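Chemist: What follows is a single structure, and I will ask about it in a moment.
Throughout, read-outs are computed from the coordinates displayed, never taken from laboratory work. Everything quoted here is computed from the prediction, not taken from an experiment. All Cβ positions, even for glycine, are placed from backbone atoms using ideal geometry, and neighbour counts span all protein chains on display.
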Amino acid sequence: SLSTKNVLTTAFFDGITLDQAVNQDQETRDFIGRSVLEICLLELFKFKAMQTDPNWSNFLFNPSTKTIGLIDFGASRYFSPNFIDNYIKIIRASADNNPEGIKDLSVKCGFLTGYETREMTDAHVNAVMILGEGFRSEDIFDFGAQNTTKGIHKLIPVMLKHRLTPPPEDSYSLHRKMSGAFLLCSKLRSRVHCKPLFESVWKEYNSS
């Protein structure tokens with residue numbers, strides 16, 4: 001690699017934008033969906049730096065080499081280690097089907113104050129449970145048959161009405177990228193075994 005801490009090198013990448021990949025065969029669409037989700041997890045929990053714009057055109061797929069290129073790093077940002085430590089535990093609680101753990105960790109992370117109405121707390125916890133549904137499933141997760149983003153969007157009016165504190169600043173761009181990745185997988189009708197992706201990242205995170 002020619003990149004250093006002070007110098008970032010780039011290269012040309014030949015490929016199609018992901019909106020042009022919707023008519024690829026199922027195996028290819030599964031590969032793309034899995035790769036995009038894996039990129040998101042690695043950016044967040046390994047590199048602690050994320051390209052936060054989920055626009056389709058920021059990902060290029062080369063059908064010949066079966067590789068994905070990530071472009072346009074203008075929306076990149078770093079996340080604080082403390083936020084990441086708490087956030088991965090929230091996802092862990094969701095993957096473990098642990099609503100109480102989600103609630104307690106959300107207070108610690110700053111998503112909740114602990115004094116919210118039951119309606120607000122339930123909406124927040126349910127949103128996190130929906131976010132972690134794929135990581136919780138022992139089976140392949142069919143994004144084409146799921147309504148992950150729609151399920152979360154239905155809870156937003158409740159959270160806007162009853163929220164007592166703004167979400168942590170780091171969460172805005174993060175959730176934009178994650179929801180965009182899920183929507184992308186949905187549009188591609190990708191089928192991904194998500195649980196092993198998270199378990200691998202979780203294991204590496206705790207061993208580092």
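Chemist: Please provide three numbers in whole Å: the alpha-carbon extents of the stretch 40-105 along the principal axes, with the largest listed first.
Modeler: 46, 24, 19
Chemist: So which trypsin sites (Lys or Arg not before Pro) in the stretch 1-55 end up in coil per DSSP with only 15 or fewer other C-beta atoms within 10 Å?
Modeler: Passing both the DSSP loop test and the Cβ count: K5, K48.
Chemist: Limiting things to C-alpha atoms, what are the Rg and the maximum Cα-Cα separation (Dmax) for the stretch 117-167, in angstroms?
Modeler: Gyration radius and largest Cα-Cα distance of the stretch 117-167: 12.5, 37 Å.
Chemist: Would you compute, from DSSP H runs of 4+ residues alone, the mean residue ellipticity of the chain at 222 nm, taking -39500 (n - 2.57) per run and dividing by the full residue count, rounded to the nearest 500? Each step should come with its number before you reach the end.
Modeler: Details: 8 runs with 110 residues, N = 208.
The helix contribution divided over the chain gives -17000 deg cm²/dmol.
Chemist: Take the stretch 77-146, compute every pairwise Cα distance, and split them into 5 Å bins from 0; I just need the percent in each bin.
Modeler: Percent of Cα pairs in each bin: 3, 17, 25, 21, 17, 11, 5, 0.
Chemist: Answer with one residue from T121, F59, L37: the one whose Cα lies farthest towards the positive end of the charge dipole of the stretch 16-207, charges on Cβ with Lys, Arg +1 and Asp, Glu -1.
Modeler: Highest projection toward the positive end goes to T121.
Chemist: Another question about this same structure. Can you give the translational diffusion coefficient of the stretch 16-207 in µm²/s, computed by Stokes-Einstein from the Kirkwood radius over Cα pairs at 4 °C and 1.567 mPa s?
Modeler: Working: Rh = 17.1 Å.
The Stokes-Einstein estimate is 76 µm²/s.
Chemist: Tell me the label-point distance for the pair L42, E138, using the 7 Å Cα-to-Cβ offset, in nm and rounded to one decimal.
Modeler: 2.9 nm
Chemist: On alpha-carbon atoms, Rg over Rh for the stretch 130-208 using Kirkwood Rh? Intermediate values should be presented prior to the final figure.
Modeler: Values: Rg = 14.4 Å, Rh = 14.2 Å.
Here the Rg-to-Rh quotient is 1.02.
Chemist: Which one of L131, L70, L60 has the biggest mean-square fluctuation once the chain is modelled by GNM with Cα springs under 10 Å?
Modeler: Looking only at L131, L70, L60, the largest GNM fluctuation is found for L70.
Chemist: Please compute the length gained on full extension between T117 and H153, using 0.36 nm multiplied by the number of residues separating them and subtracting their Cα-Cα distance. Walk me through the numbers before you get to the answer.
Modeler: Working: separation 36, 0.36 × 36 = 12.96 nm, distance 1.92 nm.
Answer, rounded to one decimal: 11.0 nm.
Chemist: Give or take rounding to whole Å, what are the principal axis extents of the alpha carbon atoms in the stretch 18-71, in descending order?
Modeler: 33, 19, 16
Chemist: Assuming 1.002 mPa s and 20 °C, estimate D for the stretch 1-124 with Stokes-Einstein, Rh taken as the Kirkwood radius over Cα pairs, in µm²/s.
Modeler: Values: Rh = 17.2 Å.
Translational diffusion coefficient: 124 µm²/s.
Chemist: Between L183 and K108, with labels modelled 7 Å along Cα→Cβ, what's the label distance in nm to one decimal, could you check?
Modeler: The answer from the label model is 3.2 nm.
Chemist: Now for a separate question. Once you charge only the Cβ atoms, +1 for Lys and Arg and -1 for Asp and Glu, what is the size of the charge dipole of the chain about its Cα centre, to the nearest 20 debye? Before the final figure, lay out each step's value.
Modeler: Working: 24 positive and 24 negative charges, 58 e Å.
Taking the Cα centre of the chain as origin, the dipole is about 280 debye.
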